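Undergrad: Take this structure first; my questions come after.
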Amino acid sequence: MENAIIIEHFSHEHPLRLVRNEGETIRCYGCRKAIVVSELAYICCMSDDECSSKIILHQRCAKMPREIQHPSHPQHPLILCIRRPGEIFWFKCDLCREISVNVFRYSCYLCDFNINISCEQFGMDDNCLFQDQRLLPHPCHKHPLMLQRKPASIFSCDGCGTNEGREMAYACSACEFWVHKSCASLPMEKNIYLHHHSLSLTFSFPLKHGKYLQEFRCDICRKHFYPTYWVYFCDRCRFFVHIKCATRENINLLTEKEEDDDSDHAIQLPINLSDFSKEVITPFIIRQGGSIINVDDMPTSVTMQSTNSNLSILFNYHKHPLSLIKVDDDDDNGKNEMKICDLCITPILSPPYYSCADCKYFVHLTCYLLPKTIRDDDPLYEYNPRHCQNHKLTLYASSEDSDKWLLFCLMCVKLTTGTVYSCQACDLMIDVKCASLPTIIKHASHPSHKLIKRVPGKGFRCVGCYGYIWSDLDIAYCCSNNVCYDFRIHTGCAMMPPSIKHRWDKHPLLLTFDASIDHPSDFYCEACEYEMHPKRGMYHCRECDQSFHTYCLTESGDHRNIKFGRQFEFGDLHLHPLTYNVVGLKYECDGCRGVAYEKRGFECANSNCNYALCEDCGLEYLREHHN
């Protein structure tokens, strides 16, 4: 034997050795034509005892590429196919229309198109089959790439990063560089139905956007990127997808279960705050075993609970009876003024509601019907960060000490002037809005899958505020699909309003979680002037190109659960009443000379007076003079 070259061939389980036929003339297993004496051929390395189905192949047949493009069938590649051992297989060659039996064929399974490799009309000689496709200069690599004829199943492609499929590959003879033949054939520009611009192929994650490498996800599958693998991207929109995702047309992002399961009718967030009572709190009352009473059956006058404290900074108490308002009075001079419910701190746009008009105190009918205690089987009890043994959530009752301060919701980490559910054993407080959230929602920040409210297994960043979600302290909405295992959004961030009106912009600021579409430049917050992540939650005006962090605005930041506007008398400290508000008239507090601007505090209600106190100074005075 000479030229003892050994190869692996997809048609046989054992290696094949290149030998010279020194015996009688035999037939090739691939083309069924003769291998004459002294002709080189590939034959199984094993002995007759070790292999019962020994094969022999012409040198040319053994080296035929596994996949080709042929002008007779340009719409799909043709795959080299074989018969199984012991099987008799016949087919009609689509070129010569003759019946062939037990020979190699190039086939398209999709179209049932077959070509006998020995067909005279095949029209692809050795130069076409082997030479033109063997060496490939490619912009992804500095050396020419050599086509490997055997299926490449033992390497990871340097283009897509996978070892999917038993297809041929291009390799560099000088470097350990491999790419699938299909990856090497990808166009430099591609259009996909999920994006409105052409995508460009790049052979590593673009350096220009390198600062987002660890944070960006594929805009189709939501998985991470590896810095040296190829991606298709739109530079203008910062839209990035894996090359495998880009080539899977009509990919379906929903699981079969999610497509078919519509039983829970998950609410879509965010919603307008004016709809929160109807869309969220009302279902919460029903889940707790309560019922929504018809307005005609509601009492015309009710009283709120009283406080034990001489001073209450909270709004959920009121000393006057509340009247049921069924129709707004057209003669009311304040009819256009926004009414805020003093329990849930969301707007009341229309009747019916309870009101004390003189004090501007208002309550939704649904909020008046809030359950006094949350049921023991409610999933909310899974949130027990203080590991309380006697955990019981009841509607907040007066406390002489607590009423002198704002209440703090541990779930959304925000202060509130409204009411909360609290546990007397561990002092945990959860405001009404957080307590009423359903277990499953749909959210604009992650439209592909439903989100489930739970205590996360480990810490991740929130897509709304980009703050950390701590595994043992926080509760968050998490993606229900394993593909997006790291998607988290704080419950508080999930409730942010879809739009906000700001004095610095004549248009509404819209909540968006990907403002980068058709916006190639960077984003900077108009309030704090820090650079913003283009694919995190922000309020943005596209017309004016103004952006704000969600936590830099009063309506979505730390003050969003506080009803401002209540007036207090400060006796001999100041002649006029002071209004509890976000201070906007003065920079310094007139008490301690500390910074008061843009913080909670007390401002003079007289438009001609410029007096202001920070919150600490104002509360300290009120507590001392109301005991």
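Undergrad: So, in segment 470-509, exactly how many residues are farther than 19 Å from residue 266 by Cβ, of a type in the set (A, V, I, L, M, F, W, C) and surrounded by 23 or more Cβ atoms within 10 Å (Cβ to Cβ)?
TA: So the count comes out to 1.
Undergrad: Does residue 100 meet the test of being surrounded by fewer than 13 Cβ atoms within 10 Å (Cβ to Cβ) and either over 29 Å from residue 180 (Cα atoms) or among the charged types (D, E, K, R) (or both)? First the steps, then the outcome.
TA: Details: surrounded by fewer than 13 Cβ atoms within 10 Å (Cβ to Cβ): no; either over 29 Å from residue 180 (Cα atoms) or among the charged types (D, E, K, R) (or both): yes.
Considered against the rule, which asks whether it is surrounded by fewer than 13 Cβ atoms within 10 Å (Cβ to Cβ) and either over 29 Å from residue 180 (Cα atoms) or among the charged types (D, E, K, R) (or both), residue 100 comes out as no.
Undergrad: Find the residue count for segment 434-462, including only residues that are modelled with pLDDT under 90, farther than 16 Å from residue 268 by Cα and not in a strand (DSSP E or B).
TA: 6
Okay, residues lined up against (1) within 23 Å of residue 337 (Cα to Cα); (2) surrounded by fewer than 20 Cβ atoms within 10 Å (Cβ to Cβ); (3) of a type in the set (Val, Ile, Thr):
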{"site": "519", "(1), (2), (3)": "no, yes, no"}
{"site": "531", "(1), (2), (3)": "no, yes, no"}
{"site": "539", "(1), (2), (3)": "no, no, no"}
{"site": "584", "(1), (2), (3)": "yes, yes, no"}
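A quick yes/no check of all residues on (1) under 21 Å from residue 622 (Cβ atoms); (2) hydrophobic (A, V, I, L, M, F, W, C); (3) touching a helix residue (DSSP H, G or I) at 6+ places or on another chain (Cβ under 8 Å); (4) not assigned by TED's automatic domain parsing to the domain that holds residue 215:
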| residue | (1), (2), (3), (4) |
| --- | --- |
| 536 | no, no, no, yes |
| 545 | no, no, no, yes |
| 561 | yes, no, yes, yes |
| 579 | yes, no, no, yes |
| 585 | yes, yes, no, yes |
| 593 | yes, no, no, yes |
| 598 | no, no, no, yes |
| 607 | no, no, no, yes |
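Undergrad: Give the residue that is nearest to residue 293 (Cα to Cα), with candidates limited to residues of segment 342-390 that are aromatic (Phe, Trp, Tyr) and crowded, with 18+ Cβ neighbours inside 10 Å. So that I can check it myself, show each step before the final result.
TA: From segment 342-390, those aromatic (Phe, Trp, Tyr) are 353-354, 361-362, 368, 381, 383; that's our starting set.
From what is left, the residues that are crowded, with 18+ Cβ neighbours inside 10 Å are 353-354, 361-362, 368, 383.
Details: 353: 13, 354: 14, 361: 22, 362: 18, 368: 11, 383: 30 Å.
Within segment 342-390, the match that is nearest to residue 293 (Cα to Cα) is 368.
Undergrad: Looking only at segment 562-582, how many residues end up being assigned to a loop (DSSP other than H, G, I, E, B) and either closer than 20 Å to residue 360 by Cβ or of a type in the set (Lys, Arg) (or both)?
TA: So in segment 562-582, the residues assigned to a loop (DSSP other than H, G, I, E, B) come out as 562-566, 569-570, 574-577.
Those left that are additionally either closer than 20 Å to residue 360 by Cβ or of a type in the set (Lys, Arg) (or both): 562-566, 569-570, 576-577.
Of the residues in segment 562-582, 9 are assigned to a loop (DSSP other than H, G, I, E, B) and either closer than 20 Å to residue 360 by Cβ or of a type in the set (Lys, Arg) (or both).
Undergrad: Hey, any hits in segment 133-140 for a residue that's surrounded by 13 or more Cβ atoms within 10 Å (Cβ to Cβ), modelled with pLDDT under 70 and either part of a helix (DSSP H, G or I) or among the polar types (S, T, N, Q) (or both)?
TA: Taking segment 133-140 and keeping what is surrounded by 13 or more Cβ atoms within 10 Å (Cβ to Cβ), we get 133-134, 136, 138, 140.
From what's left, modelled with pLDDT under 70: 133-134.
Now narrow it down to the ones that are either part of a helix (DSSP H, G or I) or among the polar types (S, T, N, Q) (or both): 133-134.
Yes: one or more hits.
Undergrad: Taking the conditions exactly as written (more than 23 Å from residue 544 (Cα to Cα), touching a helix residue (DSSP H, G or I) at 6+ places or on another chain (Cβ under 7 Å) and of a type in the set (Ser, Thr, Tyr)), does residue 448 satisfy them or not? Walk me through it before giving the result.
TA: Values: more than 23 Å from residue 544 (Cα to Cα): yes; touching a helix residue (DSSP H, G or I) at 6+ places or on another chain (Cβ under 7 Å): no; of a type in the set (Ser, Thr, Tyr): yes.
Here the answer is no, as residue 448 does not meet what is asked.
Undergrad: Quickly run through segment 600-617 and pick out the residues that are among the small types (Gly, Ala, Ser) and modelled with pLDDT of 90 or more.
TA: Within segment 600-617, the first condition is being among the small types (Gly, Ala, Ser), and the residues that meet it are 601, 605, 607, 612.
Within segment 600-617, 601, 612 meet the criteria.
Undergrad: So how many residues does segment 156-197 have that are in a strand (DSSP E or B) and farther than 30 Å from residue 516 by Cα? Outline the logic, then answer.
TA: To start, the set of residues in segment 156-197 that are in a strand (DSSP E or B) comprises 167-171, 178-180, 189-190.
Right, trim to farther than 30 Å from residue 516 by Cα and you get 167-171, 178-180.
Within segment 156-197, residues that are in a strand (DSSP E or B) and farther than 30 Å from residue 516 by Cα number 8.
Undergrad: Now for a different question. Against the conditions (1) modelled with pLDDT under 85; (2) out of contact with any helix residue (DSSP H, G or I) (no Cβ under 8 Å at 6 or more places or on another chain), where does residue 169 fall short? Just the number, please.
TA: The one condition residue 169 does not meet is (2).
The values are calculated or read from the model by the stated rules, or taken from the named source; none is laboratory data. Model, not experiment: these values are computed from the prediction. We place every Cβ from the backbone using ideal geometry, glycine too, and count neighbours over all the protein chains shown.
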